[in-house]
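Since every read-out is calculated from the coordinates, none of them should be taken as a lab result. Everything numeric in this text was worked out from a predicted model, so none of it was measured. Quick reminder, even Gly has a Cβ in these numbers, built from the backbone with ideal geometry, and neighbours come from all protein chains shown.
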């Protein structure tokens, strides 16, 4: 046993004392025993400052590394530990392939054989392995993954109908010294629209030799030029030589037609930026035999009621709106009234900036009074309903409406 195991065992015994005391107390009161906790793993580099392996090596060199791994849970567990290819997750981030997937460089540079370990609670060990960089390896950053996971899937919540693999992974991040060539590319763009969800999927690749953290903005307009989506985006790491996708959720269904998408991404620290220009993307008509889907959010009723003084002068306009939302609730939306006089925009007036749209009909009433006074002319009105994601700043146009009624101020 190693010092690591002794430490884990001591921690486990302390935790078990608490658990057993709690369980005995609960059982004494006739309570149902708690469900078994899912496995928990320890996986840490030995002799490294970070939580993953971060090494710099010259071509033709070999380095020895050590990893500590163990069972940090309260039950015995059968595990598999292995090295595998790393990949970039959707929207960026670190992912690792499974134990049965074929490996390629740089995982093939690592002499860490797959092993099955039956670990008692609190049991830990150390494994030493080598990394060898082939002669002629080009400068740049390379990444592989080291993992430990349950050897078999386990039941979720005690139910055999749902099962899962519990897994923990860390990176082996290798830098081969030399010139850095950051590069970013935007690939195919498409709209995925299913019965219950809509998303904009944008291919993003990193053909350079260093990882990037792109950020920027995605916009989409309808064929008429009206805005549909404005989405600030911040991606996780895209590793050198990797391809991934940027996916933007759209909280409404899109009508069939052609839309224009523009993508702008940059990593300011690495000094790289790219723009897609205007890319046409088509939403096709549903097949005739397709299952009918719910309609998008719509303005079901809009009524403008002029409110006048005793002398007939216009004082305010009472605005009544009924919004129909046939799908899932929208937690944050805003409704804006666009007011024009003789064809010139007067102002964009927020009727409701913190609107919750449950499934069904929602009625909003608000009075509109201009900032100044009612100037002579013919007033026209339009409305825009937008979903607003307070976490990301994404704004999605749910519906627009041109009000037929006009109001004339003599």
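Taking one quarter of the surface of the C-alpha convex hull of the chain gives a mean projected area of 30.6 nm². The GNM of the chain, with springs linking C-alpha atoms under 10 angstrom apart, assigns the highest mean-square fluctuation among 236, 140, 178 to 178. Under a no-solvent Debye model with one identical scatterer per Cα of region 298-409, what's log10 I(q)/I(0) at q = 0.12, 0.18 Å⁻¹? One equal scatterer on each Cα of region 298-409 leads to -0.44, -0.90. If R0 is taken as 56 Å, the Cβ-Cβ distance between residue 90 and residue 373 corresponds to a FRET efficiency of 0.55. For region 109-181, the fraction of C-alpha pairs more than 21 angstrom apart is 49%.
Take the Cβ atoms of residue 138 and residue 402, set R0 to 56 Å, and the FRET efficiency comes out at 0.45. As a length-normalised measure over Cα pairs under 8 Å and 6 or more apart, the relative contact order of the chain settles at 12 percent. Kirkwood radius for region 185-283, taken over all pairs of different Cα atoms as the inverse mean of 1/r, rounds to 14.0 Å. Shape class of region 294-348 from the Cα gyration tensor (axes a ≥ b ≥ c, square roots of the eigenvalues): prolate, since a/c reaches 1.5 or more and a/b is larger than b/c. Report summary: the helix-based calculation at 222 nm, which adds -39500 (n - 2.57) for every DSSP H run with n ≥ 4 and divides by the residues of the chain, gives -2500 deg cm²/dmol.
Quick check: the distance between the Cα centres of region 200-226 and region 177-196, to the nearest angstrom? Taking the Cα centre of region 177-196 as reference, the centre of region 200-226 is 7 Å away. Panel order for 378, 166, by other beta carbons found within 10 Å of each beta carbon, from fewest to most: 378, 166.
Looking at the P(r) of region 60-183, how many percent of alpha-carbon pairs lie beyond 25 Å? List each step's numbers first, then the result.
On the way: 2534 of 7626 pairs.
The share of Cα pairs beyond 25 Å in region 60-183 comes to 33 percent.
Given R0 = 22 Å, the distance between the Cβ atoms of residue 345 and residue 258 translates into a calculated FRET efficiency of 0.25.
Normalising the average separation of contacting C-alpha pairs (under 8 angstrom, six or more residues apart) by the number of residues puts the relative contact order of region 298-409 at 27 percent.
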